[in-house]
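The values are calculated or read from the model by the stated rules, or taken from the named source; none is laboratory data. Keep in mind that what you see is a predicted model, and the values were worked out from it rather than measured. Every residue, glycine as well, gets a Cβ built from its backbone with ideal geometry; the counts of neighbours run over all protein chains shown.
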């Protein structure tokens, strides 16, 4: 586990209700979420299916506003999407008519802060960082699923966000590629020291990547537990077979199983 730095994200008492026009009732989705992410820390969120993990991530990104509570990044209130956050979706969402390099520079072009030369240099550095040095001029359809998701991550990192938000970014990949991408992402974030909030359904993936794993309760989501991952900072796939890793996996699974039983998903 990496030593925590200054607070990057703070969420206090985040509550969210949605109104259903058809039933004319309010649905409680989040119920007083308190959560912190420190500089250089990756926090993974797991919980029962449909508990509100992605809803919370969208609130952090500023796509939806909480009913109560507050979310701050670097002490500034989140009032909408901003350049201090970058969201990585399940699907790579690359522009098919743009090359790898052009996809990565897209956000920089919108910001208009850098010259073309500076954008090209930053893109080249990120392409090398994600292991695609020989594919800069390739188009998305010429890449594998794992390679496209590497481009997606590089595009998010190009704008140098204070906080990287990942919504199950490896869910669409095959099992083997997903394992390799976990290793790659761990290396990338270790080098860039980027703070990240990572949503996943896979407990093993959460433990492998995270410094802390936050377990959400069944909906409306509350923080059921926050578990420090006291494992070596350098993550290799062999780590998943170690007794400490397996013990954490069992502990977190029991917590989720308790919540799933409440909703009737487990009998």
Checking residue 134 against (1) touching a residue at least 24 places away in the same chain (Cβ under 8 Å); (2) over 25 Å from the mean Cα position of the chain (by Cα); (3) not in a loop (DSSP other than H, G, I, E, B): exactly one of these is not met. Which one?
(1)
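Quick grid of which residues meet (1) under 22 Å from residue 222 (Cα atoms); (2) modelled with pLDDT of 95 or more; (3) not in a strand (DSSP E or B):
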site: 13; (1), (2), (3): yes, yes, no
site: 35; (1), (2), (3): yes, yes, no
site: 44; (1), (2), (3): yes, yes, no
site: 49; (1), (2), (3): yes, no, yes
site: 82; (1), (2), (3): no, no, yes
Working only within segment 156-170, note down all residues that are part of a loop (DSSP other than H, G, I, E, B) and on the phi < 0 side of the Ramachandran plot.
159, 161, 162, 169, 170
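Please find, within segment 17-30, the residue that is surrounded by the most Cβ atoms within 10 Å (Cβ to Cβ) out of those that are modelled with pLDDT under 95 and touching a strand residue (DSSP E or B) at 6+ places or on another chain (Cβ under 7 Å). Break it down stepwise before answering.
In the first step, residues of segment 17-30 are kept if they are modelled with pLDDT under 95; the result is 17-29.
Adding the requirement that they be touching a strand residue (DSSP E or B) at 6+ places or on another chain (Cβ under 7 Å) leaves 17-20, 26-29.
Numbers: 17: 15, 18: 13, 19: 9, 20: 9, 26: 11, 27: 12, 28: 14, 29: 21.
Checking each candidate, the answer is 29.
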Can you find a residue that is touching a strand residue (DSSP E or B) at 6+ places or on another chain (Cβ under 8 Å) and part of a strand (DSSP E or B) anywhere in segment 244-258?
no
I'd like to know if segment 56-68 contains one or more residues that are assigned to a loop (DSSP other than H, G, I, E, B), surrounded by 14 or more Cβ atoms within 10 Å (Cβ to Cβ), without any contact (Cβ under 8 Å) to a residue 12 or more places away in the chain and in contact with a helix residue (DSSP H, G or I) (Cβ under 8 Å, 6 or more places away or on another chain).
no
Among the strands (runs of 3 or more DSSP E) lying completely within segment 171-237, list those that include at least 2 residues that are at pLDDT below 95, touching a helix residue (DSSP H, G or I) at 6+ places or on another chain (Cβ under 7 Å) and under 29 Å from residue 258 (Cβ atoms).
none
Residue 205 being farther than 21 Å from residue 34 by Cα and crowded, with 21+ Cβ neighbours inside 10 Å
yes
What's the number of the only condition in (1) surrounded by fewer than 17 Cβ atoms within 10 Å (Cβ to Cβ); (2) in the same structural domain as residue 38 (by TED's automatic domain parsing); (3) without any contact (Cβ under 8 Å) to a residue 24 or more places away in the chain that residue 74 fails to meet?
(3)
Of all residues in segment 220-238, which are surrounded by fewer than 15 Cβ atoms within 10 Å (Cβ to Cβ) and closer than 16 Å to residue 205 by Cβ?
236, 237, 238
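How many residues are touching a residue at least 24 places away in the same chain (Cβ under 8 Å) and at positive phi if we restrict to segment 92-115? First the steps, then the outcome.
First, the residues of segment 92-115 that are touching a residue at least 24 places away in the same chain (Cβ under 8 Å): 92-101, 103-108, 111.
Applying the additional criterion that residues be at positive phi yields 93.
The qualifying residues number 1.
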Subset of segment 101-121 [in a helix (DSSP H, G or I) and under 22 Å from the mean Cα position of the chain (by Cα)]
103, 104, 106, 107, 108
